[in-house]
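Worksheet for the structure shown next.
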Amino acid sequence: MPTLRAIRKRIKSAKNIQQITKAMKMVAAAKLRKAQERILSSRPYAIKIQEVISELITNVELSNYPLLNENKDISKEGLILITADKGLCGSFNSNLIKEALYKLKENNNTSLILIGKKGLDYFKKFNFEIELFKYNDKKISWFDIEEIGKLIIDNYIKKKYRRVTLINSEFQTNLQQKIVKSVILPISFEFNKENQTVIKRDFIYEPDERTVLLSLIEKYIKSVLFRAILESQASEHGVRMVAMEMATNNAGEMIKGLTLIANKVRQASITKEILEIIGGAEAIKG
């Protein structure tokens, strides 16, 4: 049986870990609230730009817009994977990486665009083509989104990719996250054709119809990327908050168990000392 000193040392270590995990849970909760606010603020823009493009493309020739058509003769694909920069968030990163591996098994001729250090740490060990990497933290800005968007748009127009797939985590609740795999290039807009035939508006384009639509489509792709990053960050903070709460509870259970063992060891040592004193007293009498 371990000594009382060793048990008390383990109890102290468990209490220190409990304080750290409790603090990390509170930090994750604060970051989660901010991430949710950013998601809500970005939602109206994304919805409106999709509505405008869906209405405009009903009266145009889709073959004139390369971002709306699949490059069927090309085998290579682009894959954007959004993970976290840090761990201590349960199986958040491993599930996303696992989904990316399934996609790579379907077509190993794939170029990776990684957002998040955990994804980079995993895939740099293997012989995969990593075309671009960005950290996924609060410092990631719209300029980074524009760089990623410009890269995939230019490569798609140049027929380097057959399609571009995005894998990210979508925040639903603190306990539930959903891994989303979506094709962002070519773009596919769903709209009600019957309603669109009734509502026909005469738009005035400046400088011209093609330039305006191309600009809107590019902005839409970048808004999808930005929204996916915000969703991923919210998911990460939600998972970390739950993981740290579980770690805090587990540390509490460990402290209770170690305290019980320490009390037993202490009682045993006291009993032993009493017996030794009684034995010594009996020896003196004899």
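The values are calculated or read from the model by the stated rules, or taken from the named source; none is laboratory data. Bear in mind the structure is a predicted one, so any value in this text is a computation, not a measurement. Glycine also receives a Cβ, built like all others from the backbone with ideal geometry; neighbour counts cover every protein chain displayed.
Can you find, within segment 234-270, the residue that is farthest from Gln36 (Cα to Cα) among those that are touching a strand residue (DSSP E or B) at 6+ places or on another chain (Cβ under 8 Å) and either among the aliphatic types (A, V, I, L, M) or not in a helix (DSSP H, G or I) (or both)?
Taking segment 234-270 first, the residues touching a strand residue (DSSP E or B) at 6+ places or on another chain (Cβ under 8 Å) are 234-236, 238-239.
With either among the aliphatic types (A, V, I, L, M) or not in a helix (DSSP H, G or I) (or both) added as a condition, the list becomes 234, 239.
Values: Ala234: 6, Val239: 14 Å.
Out of the qualifying residues, it is Val239.
Got at least one residue in segment 6-25 being under 22 Å from the mean Cα position of the chain (by Cα) and without any contact (Cβ under 8 Å) to a residue 40 or more places away in the chain? Give the steps one after another, and end with the answer.
Kept after step one, since they are under 22 Å from the mean Cα position of the chain (by Cα), are these residues of segment 6-25: 21-25.
Among the residues that remain, those that are also without any contact (Cβ under 8 Å) to a residue 40 or more places away in the chain are: 23.
Checked against the condition, which is being under 22 Å from the mean Cα position of the chain (by Cα) and without any contact (Cβ under 8 Å) to a residue 40 or more places away in the chain, segment 6-25 yields at least one hit.
Return the only residue of Ala84, Ala35, Ala46 being hydrophobic (A, V, I, L, M, F, W, C), modelled with pLDDT of 80 or more and part of a helix (DSSP H, G or I). Give the steps one after another, and end with the answer.
Values: Ala84 fails: part of a helix (DSSP H, G or I); Ala46 fails: modelled with pLDDT of 80 or more.
Going through Ala84, Ala35, Ala46 in turn, just one is hydrophobic (A, V, I, L, M, F, W, C), modelled with pLDDT of 80 or more and part of a helix (DSSP H, G or I): Ala35.
Output the residue which, of all residues in segment 170-188 that are more than 20 Å from Gln233 (Cα to Cα) and surrounded by 13 or more Cβ atoms within 10 Å (Cβ to Cβ), is nearest to the chain's Cα centre (by Cα). Before you say what the answer is, go through the steps one by one.
The initial filter retains those residues of segment 170-188 that are more than 20 Å from Gln233 (Cα to Cα), namely 183, 185-188.
After this cut, where a residue has to be surrounded by 13 or more Cβ atoms within 10 Å (Cβ to Cβ) as well, the list is 183, 185-187.
Working: Val183: 18, Leu185: 21, Pro186: 24, Ile187: 23 Å.
Of everything passing the filter in segment 170-188, Val183 is nearest to the chain's Cα centre (by Cα).
Looking only at residues that are in contact with a Leu (Cβ under 9 Å, 6 or more places away or on another chain) and assigned to a loop (DSSP other than H, G, I, E, B) in segment 202-217, which one is modelled with the highest pLDDT?
Tyr205
Being within 25 Å of Ile229 (Cα to Cα) and either crowded, with 17+ Cβ neighbours inside 10 Å or outside the structural domain of Glu209 (by TED's automatic domain parsing) (or both): is that true of Leu56 here? Write out each step before concluding.
Values: within 25 Å of Ile229 (Cα to Cα): no; either crowded, with 17+ Cβ neighbours inside 10 Å or outside the structural domain of Glu209 (by TED's automatic domain parsing) (or both): yes.
Against the criterion (within 25 Å of Ile229 (Cα to Cα) and either crowded, with 17+ Cβ neighbours inside 10 Å or outside the structural domain of Glu209 (by TED's automatic domain parsing) (or both)), Leu56 does not qualify.
Return the residues of segment 108-122 that are surrounded by fewer than 21 Cβ atoms within 10 Å (Cβ to Cβ) and under 21 Å from Leu88 (Cβ atoms); say none if nothing qualifies.
Lys117, Leu120, Asp121, Tyr122
Would you call Ser63 at pLDDT below 85 and in a helix (DSSP H, G or I)?
Against the criterion (at pLDDT below 85 and in a helix (DSSP H, G or I)), Ser63 qualifies.
Based on what the data block shows, is Glu218 in contact (Cβ under 8 Å) with a residue 12 or more places away in the chain, among the acidic types (Asp, Glu) and surrounded by fewer than 17 Cβ atoms within 10 Å (Cβ to Cβ)?
Numbers: in contact (Cβ under 8 Å) with a residue 12 or more places away in the chain: yes; among the acidic types (Asp, Glu): yes; surrounded by fewer than 17 Cβ atoms within 10 Å (Cβ to Cβ): yes.
Yes, satisfied.
Which ranges mark the strands (runs of 3 or more DSSP E) fully within segment 88-187 that have 2 or more residues being under 24 Å from Val27 (Cα atoms) and not acidic (Asp, Glu)?
Per the criteria, 164-171, 177-185.
On the given criteria, is Asn263 over 26 Å from the mean Cα position of the chain (by Cα), of a type in the set (S, T, N, Q) and surrounded by 12 or more Cβ atoms within 10 Å (Cβ to Cβ)?
Spelling it out, Asn263 is indeed over 26 Å from the mean Cα position of the chain (by Cα), of a type in the set (S, T, N, Q) and surrounded by 12 or more Cβ atoms within 10 Å (Cβ to Cβ).
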